[in-house]
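Remarks on the structure that follows.
The values are calculated or read from the model by the stated rules, or taken from the named source; none is laboratory data. Being a predicted model, the structure only gives us computed values, none of them experimental. As a convention, Cβ positions derive from the backbone with ideal geometry for all residues, glycine included, and neighbour counts pool all protein chains shown. Heavy atoms of the whole protein, side chains included, go into the accessibility calculation; ligands, DNA and RNA do not. Shrake-Rupley method; radii C 1.70, N 1.55, O 1.52, S 1.80 Å.
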Amino acid sequence: MAERLDGTVALVTGASSGIGEAAARQLAELGAEVVVVARRKERLEKLAADIKAAGGKAHVIAADIRRQKEAISVVEQTVKFCGRLDTLVNNAGVMLLGNIQDADTAEWEEMIDINLKALLYMSHAALPHLLKAAENSPRKVVDLINISSVAGRRARVGAGVYNATKFGVVAITESLRQEVTSRHVRVSVVEPGVVATELTTRMKPEVAEKNMKPFAGITELQPEDIADIISFIVTRPWRSAINEVLVRPTEQAF
Ligand SMILES: NC(=O)c1ccc[n+]([C@@H]2O[C@H](COP(=O)([O-])OP(=O)(O)OC[C@H]3O[C@@H](n4cnc5c(N)ncnc54)[C@H](OP(=O)(O)O)[C@@H]3O)[C@@H](O)[C@H]2O)c1
């Protein structure tokens, strides 16, 4: 049976659009006080206003979490505003596809910095607070959820470095899960297939068209479909940990 999240605090990175935005809305509907993080402050403020108008609680922190100092500050501000931290959704990420030969290597740096290093900085800064909340929570459990991808399970041409970051997220999740699960910190990974978000808009249109061709014509998942899974994970009773969810659009074969 699903539990409500009243009295808990959830921090969602990459909440200015797509999956993070949908997850923040749902977690707030479930009763969590949410802290929404990304660089585009106006988007976050609109989201927080919507959540508050619907009767929820929301705080905005604009930050570039590729910088460790900013990631630490996000967690410190969260605990200062809200007094605790029960749920961390490491969702912020970019996908800059293309072959390795002739790549713009600055794109590799960006993917590694946000998809991997920022996720590690956020987790590292949050863990002391998550462990503390796990000890004193009436729910007896807290959650750290990492968003990987089908690209974290299956490599393909034109996605090598994105694949590497998302395979890395799967590895970090499993290692951290073994480290803290006995202390009631559930660590989960969600691996979506194609979701209709702004993710592909960061690429040049011709690069996106070429590399997204295998998925042309399928009915994509919606951000709310992934938010549903995040909500499912965090609302299980403490004894039940959903370690990994791989979810594709029905029409996506690979
Ligand atoms: N869409 C898909 O098909 C799909 C499939 C599998 C996995 N995923 C994963 O899902 C996650 C969310 O992506 P999405 O599809 O929802 O795309 P999206 O709409 O582009 O969202 C990406 C989010 O990451 C944030 N972000 C990027 N760089 C950041 C930085 N340096 N500091 C803080 N926030 C940053 C963006 O906010 P700002 O630009 O405002 O900072 C935005 O809120 C990503 O990890 C992605 O790899 C997506």
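Of all residues in region 16-34 being near the ligand (Cβ under 6 Å from one of its atoms) and of a type outside the set (S, T, Y), which is nearest to V60 (Cα to Cα)? Filtering first and then ranking leaves G20.
Residue by residue, here is whether (1) touching a strand residue (DSSP E or B) at 6+ places or on another chain (Cβ under 8 Å); (2) open to solvent by less than 20 Å² (accessible area, probe 1.4 Å) holds:
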| position | (1), (2) |
| --- | --- |
| L85 | yes, yes |
| G98 | no, no |
| D104 | no, no |
| W108 | no, no |
| L116 | no, no |
| H124 | no, no |
| H129 | no, no |
| S137 | no, yes |
| V185 | yes, yes |
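Please enumerate the residues belonging to region 37-62 that are open to solvent by less than 20 Å² (accessible area, probe 1.4 Å) and either among the acidic types (D, E) or within 9 Å of the ligand (Cβ to nearest atom) (or both). Scanning region 37-62 gives V37, A38, L44.
Close Cβ contacts (under 6 Å, 6 or more residues apart or on different chains) running from residues in region 115-133 that are in contact (Cβ under 8 Å) with a residue 60 or more places away in the chain to residues that are within 14 Å of the ligand (Cβ to nearest atom) and open to solvent by 30 Å² or more (accessible area, probe 1.4 Å) comprise A118/R66. Of the residues making up region 63-83, those that are open to solvent by less than 50 Å² (accessible area, probe 1.4 Å) and within 11 Å of the ligand (Cβ to nearest atom) number 5.
Criterion first (under 26 Å from G31 (Cβ atoms), open to solvent by 30 Å² or more (accessible area, probe 1.4 Å), within 16 Å of the ligand (Cβ to nearest atom) and not aromatic (F, W, Y)) does T181 satisfy it? So T181 fails the test.
Give me the strands (runs of 3 or more DSSP E) completely within region 29-140, filtered to those with at least 1 residues that are over 19 Å from the mean Cα position of the chain (by Cα), ordered by residue number.
Here the list reads 57-62.
Close contacts from region 82-94, counting a first residue that is in contact (Cβ under 8 Å) with a residue 12 or more places away in the chain and closer than 21 Å to R39 by Cβ and a second that is hydrophobic (A, V, I, L, M, F, W, C) and part of a loop (DSSP other than H, G, I, E, B), with Cβ to Cβ under 8 Å and a gap of 6+ residues or different chains, come to N91/A15; A92/I65.
The residue that is surrounded by the fewest Cβ atoms within 10 Å (Cβ to Cβ), among those in region 205-231 that are outside any loop (DSSP other than H, G, I, E, B) and in contact with a strand residue (DSSP E or B) (Cβ under 8 Å, 6 or more places away or on another chain), is D225.
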